[in-house]
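Encoded as structure tokens, the structure appears first; notes follow it.
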């Protein structure tokens, strides 16, 4: 049985995908959750809190998937591709083809900046750990800087991509460039 918080977050996510973040009100979320407004406000103080909970659930799911799937990859390229798929491509794919998804991706950091930042910080930490063993001593770039560049590039690629296929192609290019930089 799902908790009241989970029920609210899933109902809100459906609304956000359909209408975007700007157009959805707490009244809309209450109605979609089959709750009264006071009952909704007893769980979440405002729309920003709902969005933060949604991002936190997304982060938790990504961690679970990363732990489950990353170890099955035999080499750095496969590990990077797996990580990008879990943290970048799949979330983009879930939203891009919905009516409000593009607007949601463009504005979510305005509503929940701390939780949004954690998504990328956690992704970057995984990338650093993957790269560390492959950065040669004396290299011009360390694992932390390379991971940060990849993370920042990813934000730009997501913002400018119009389809999952385009994002995947560009992410594949990032992975290829990373492999070339590392000489692997």
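List of remarks:
- Here residue 98 fulfils each of the conditions (1) surrounded by fewer than 20 Cβ atoms within 10 Å (Cβ to Cβ); (2) assigned to a helix (DSSP H, G or I); (3) at pLDDT below 95; (4) touching a helix residue (DSSP H, G or I) at 6+ places or on another chain (Cβ under 9 Å) apart from (2).
- Scanning region 145-166 for residues that are loosely packed, with under 15 Cβ neighbours inside 10 Å and at pLDDT 95 or above, we see that the one that is nearest to residue 87 (Cα to Cα) is 152.
- Single condition residue 3 does not satisfy, out of (1) farther than 30 Å from residue 160 by Cα; (2) surrounded by 13 or more Cβ atoms within 10 Å (Cβ to Cβ): (2)
- Test result for residue 109, closer than 30 Å to residue 23 by Cα and crowded, with 16+ Cβ neighbours inside 10 Å: yes
- Every residue from region 74-94 that is over 11 Å from the mean Cα position of the chain (by Cα) and surrounded by fewer than 21 Cβ atoms within 10 Å (Cβ to Cβ): 74, 75, 76, 77, 78, 81, 82
- Matching residues, region 33-45, being part of a helix (DSSP H, G or I) and touching a helix residue (DSSP H, G or I) at 6+ places or on another chain (Cβ under 6 Å): 37, 40, 43
- Summed over region 167-184, the residues that are without any contact (Cβ under 8 Å) to a residue 60 or more places away in the chain and either under 26 Å from residue 133 (Cβ atoms) or surrounded by 13 or more Cβ atoms within 10 Å (Cβ to Cβ) (or both) give a count of 7.
For (1) modelled with pLDDT under 95; (2) surrounded by fewer than 19 Cβ atoms within 10 Å (Cβ to Cβ); (3) in contact with a helix residue (DSSP H, G or I) (Cβ under 6 Å, 6 or more places away or on another chain), each residue gets a yes or a no:
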{"residue": "31", "(1), (2), (3)": "no, yes, no"}
{"residue": "54", "(1), (2), (3)": "no, no, yes"}
{"residue": "64", "(1), (2), (3)": "no, yes, no"}
{"residue": "71", "(1), (2), (3)": "yes, yes, no"}
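The values are calculated or read from the model by the stated rules, or taken from the named source; none is laboratory data. Note that this is a predicted model, so its numbers are computed, not measured. With ideal geometry, Cβ positions are generated from the backbone for all residues, glycine too; neighbour counts draw on all protein chains shown.
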